[in-house]
Amino acid sequence: MGRYVVRRLLQMIPVFIGATLLIFLMVNVMGDPIAGLCGDRECDPATAAQLRHEFGLDQPVWQQYATYMGNVFTGDFGTAFNGQPVTELMGTAFPVTIRLTIVAILFEIVVGIILGVLTGLRRGRPVDTGVLLLTLVVISVPTFVTGLLLQLLLGVKWGWIDPAVSSEAAFGELIVPGLVLASVSLAYVTRLTRTSIAENRRSDYVRTAIAKGLPRHRVITRHLLRNSLIPVVTFIGTDIGALMGGAIVTERIFNIHGVGYQLYQGILRQNTQTVVGFVTVLVLVFLVANLVVDLLYAVLDPRIRYA
């Protein structure tokens, strides 16, 4: 196991460098970031040259990237064009998005897996058909439509929640936004769990456990569910980074000042330092989540061993 972890960590280095390089190049072709600093008027040449030198934009792209990566390994993600360090923006944005992601992941795990197990054990029955239709509708409806609809009904019309989340963004305020963020993934988790349960239910080890006279709940939880969760854990693990990076729509709807909000503002204002800094951290989240998922395989299935 130790060798496998070390090997995976070494493999993450070129992936991290390649992903950050790709993002850095894509962000640098979005346009001239200096043009947005002067408002509606065009910057005079002297001011533009001074700003480019101040932010290092007068250097070749490869040199900018090398300087950025060198600073990243010291914990310096640069300075936004408004003079605020990117690490300060991260310090206020990431805790909010992490709380939102935790709520969304809990919805996926609790609601998605429970519905998947119920429908997988009752395949072909009315409850199975009803859940399949419901998940199909959720997948078909765009997230911004779901968010705006729940905000209108629960927040504006019925007054059950505040239409906008406060600056503190407590867990209680993030229940509905978390449900909106997790809605599509929750539907996929339900369908994936259902399919896996229905397939493994006919396996030999399940029939053997039933023949031994084991209680039904033990057969389901100890044998059937444990082996059926491997594809579900894979999906949820890779979905963590996707939820954090894909929360732009949800955070805009509910006025949540998290990672999605900062990315939106950075792209809108062509603030390359902010965009690259936040995406760099999201790349690390993706890599770490994938490593944890691979390690969980051995916990769920004892037959899996890492050399």
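The values are calculated or read from the model by the stated rules, or taken from the named source; none is laboratory data. Here the structure is a predicted model, which is why all the values come from computation and not from measurement. Ideal geometry is used to build each Cβ from the backbone, glycine not excepted, and the neighbour counts take in all protein chains shown. Just the protein is used for accessible areas: all its heavy atoms, side chains included, with ligands, DNA and RNA removed. Shrake-Rupley method; radii C 1.70, N 1.55, O 1.52, S 1.80 Å.
The condition of being modelled with pLDDT of 80 or more, in the same structural domain as residue 105 (by the TED database), among the hydroxyl-bearing types (Ser, Thr, Tyr) and in contact with a Phe, Trp or Tyr (Cβ under 9 Å, 6 or more places away or on another chain) holds for only one of 190, 250, that being 250.
Restricting region 207-227 to residues that are among the aliphatic types (A, V, I, L, M) and more than 22 Å from residue 112 (Cβ to Cβ), the residue that is surrounded by the most Cβ atoms within 10 Å (Cβ to Cβ) is 209. State whether one or more residues within region 26-41 are surrounded by 15 or more Cβ atoms within 10 Å (Cβ to Cβ), closer than 23 Å to residue 279 by Cβ and modelled with pLDDT of 80 or more. Scanning region 26-41 turns up no residue that is surrounded by 15 or more Cβ atoms within 10 Å (Cβ to Cβ), closer than 23 Å to residue 279 by Cβ and modelled with pLDDT of 80 or more. Across region 176-206, the qualifying residues are those that are hydroxyl-bearing (Ser, Thr, Tyr) and within 20 Å of residue 131 (Cβ to Cβ), and the one among them that is surrounded by the fewest Cβ atoms within 10 Å (Cβ to Cβ) is 195. Residue 161 meets each of the listed conditions (1) out of contact with any Leu (no Cβ under 7 Å at 6 or more places or on another chain); (2) among the aliphatic types (A, V, I, L, M); (3) in a loop (DSSP other than H, G, I, E, B) apart from (1). Among the conditions (1) within 25 Å of the chain's Cα centre (by Cα); (2) surrounded by fewer than 17 Cβ atoms within 10 Å (Cβ to Cβ), the only one that residue 125 does not satisfy is (1). Among the residues here, residue 173 does not qualify as of a type in the set (D, E, K, R), open to solvent by less than 40 Å² (accessible area, probe 1.4 Å) and assigned by the TED database to the domain that holds residue 226. Look through 148, 132, 152 and report the one residue that is open to solvent by 90 Å² or more (accessible area, probe 1.4 Å) and either in contact with a Ser or Thr (Cβ under 9 Å, 6 or more places away or on another chain) or at pLDDT 85 or above (or both). None of the others qualify; the one that does is 152.
Somewhere in region 100-118, is a residue over 30 Å from residue 130 (Cβ atoms), out of contact with any strand residue (DSSP E or B) (no Cβ under 8 Å at 6 or more places or on another chain) and aromatic (Phe, Trp, Tyr)?
The answer is no, given that none of the residues of region 100-118 is over 30 Å from residue 130 (Cβ atoms), out of contact with any strand residue (DSSP E or B) (no Cβ under 8 Å at 6 or more places or on another chain) and aromatic (Phe, Trp, Tyr).
Residue 99: open to solvent by 60 Å² or more (accessible area, probe 1.4 Å), of a type in the set (Lys, Arg) and touching a residue at least 12 places away in the same chain (Cβ under 8 Å), yes or no?
no
For region 257-272, the tally of residues that are open to solvent by less than 50 Å² (accessible area, probe 1.4 Å) and among the aliphatic types (A, V, I, L, M) stands at 2. When only residues in region 199-250 that are of a type in the set (Asp, Glu) and more than 13 Å from the chain's Cα centre (by Cα) count, which is farthest from residue 175 (Cα to Cα)? It comes out as 204. Within region 189-215, the set of residues being part of a helix (DSSP H, G or I) and free of Cβ contacts under 8 Å to residues at least 60 places away in the same chain comprises 199, 200, 204, 205, 206, 207, 208, 209, 210, 211.
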